Amino acid sequence: MTAHPMLRLIFFGPPGVGKGTQAKIIAKRFNIPHISTGDMLRTAVAKGTELGRKAKEIIDAGQLVPDDIMVGIVREALAAPETAGGFILDGFPRTVPQAQALSKIFSELRIGRYRVVEFDADREELVRRLSQRVVCRTDGKIYTMATDGVVPGMPCPDCGGELYQRDDDKEETVRRRLTVYEQQTAPVLDYYKKLKVALYVDGSGSVVEVSRQITMMLSEES
Ligand code: AMP
């Protein structure tokens, strides 16, 4: 069975813009895997694998893990049979060489059609959101302290897992991640604009509004 072309998606945008939250919602709705390179790295860190040991310092400094490591991880994930019906890539590619490597992987896997969903929002809003963000250790669900009425240490309202604040969500690290985004990741968008595969989503609305925008956009495209 060939996948619906619109279900091969790359969610792209700065940290805190809502890519992960929306990827979880859309992946569940269409029953396709959510491939988050950040989540994969955090799992490796938690397990203390060799990759995790290498990645921890880099993540905590708000910098990027080397391209060859990331490309290897994504190549393996995309070759898995579960992605045959579509997928959402979240957090990859983050550099132009990663985007070029991904194009090569797509052609090896004979994936011709895919879309890049670009999310954007005001930078100060991103800093505010990230400093308010808590994550469930068990199901990865993302909450905002002020609006969801949760604090780190509380049980996840959905699954009862422990809520925690990411080490790289400290304000100083958040600002470094945004600078890294502007310098190394934003140019990736030009790469996809030239290929005419980029779609735009305004990430400043509520979770429900943004997911409605994405669903409408996907149905218009199909
Ligand atoms: P995220 O959960 O997407 O915000 O990713 C958290 C951190 O993991 C990033 O700040 C990077 O240090 C690292 N990371 C995740 N994805 C990539 C990638 N594609 N390339 C390099 N580093 C990555």
Assuming D122 fulfils every condition listed in (1) more than 30 Å from G205 (Cα to Cα); (2) more than 10 Å from the ligand (Cβ to nearest atom); (3) open to solvent by 20 Å² or more (accessible area, probe 1.4 Å) apart from one, which condition is it?
(1)
Could you say which residue among A23, A27, A121 is closer than 21 Å to Y164 by Cα and either among the aromatic types (F, W, Y) or modelled with pLDDT of 95 or more (or both)?
A23
Consider K56 carefully, then state whether it is near the ligand (Cβ under 10 Å from one of its atoms) and either over 28 Å from S131 (Cβ atoms) or touching a strand residue (DSSP E or B) at 6+ places or on another chain (Cβ under 6 Å) (or both).
no
Select from region 188-211 the residues that are touching a helix residue (DSSP H, G or I) at 6+ places or on another chain (Cβ under 9 Å) and among the charged types (D, E, K, R) and list them in ascending order.
D190, D202
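For every residue, the table says whether it meets (1) modelled with pLDDT under 95; (2) open to solvent by 50 Å² or more (accessible area, probe 1.4 Å); (3) within 16 Å of the ligand (Cβ to nearest atom); (4) out of contact with any Gly (no Cβ under 8 Å at 6 or more places or on another chain).
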residue	(1), (2), (3), (4)
V134	no, no, yes, yes
V151	no, yes, no, yes
P155	no, yes, no, no
Q184	no, yes, yes, yes
L189	no, no, yes, yes
Top-ranked residue in region 67-84 [being part of a helix (DSSP H, G or I) and open to solvent by less than 40 Å² (accessible area, probe 1.4 Å); ranked as farthest from the ligand (Cβ to nearest atom)]:
T83
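The values are calculated or read from the model by the stated rules, or taken from the named source; none is laboratory data. Not measured: the values here are computed from a predicted model. No Cβ is skipped: glycine too gets one built from the backbone with ideal geometry, and neighbour counts run over all protein chains shown. Only protein heavy atoms, including side chains, enter the accessible area calculation; ligands, DNA and RNA are left aside. Shrake-Rupley method; radii C 1.70, N 1.55, O 1.52, S 1.80 Å.
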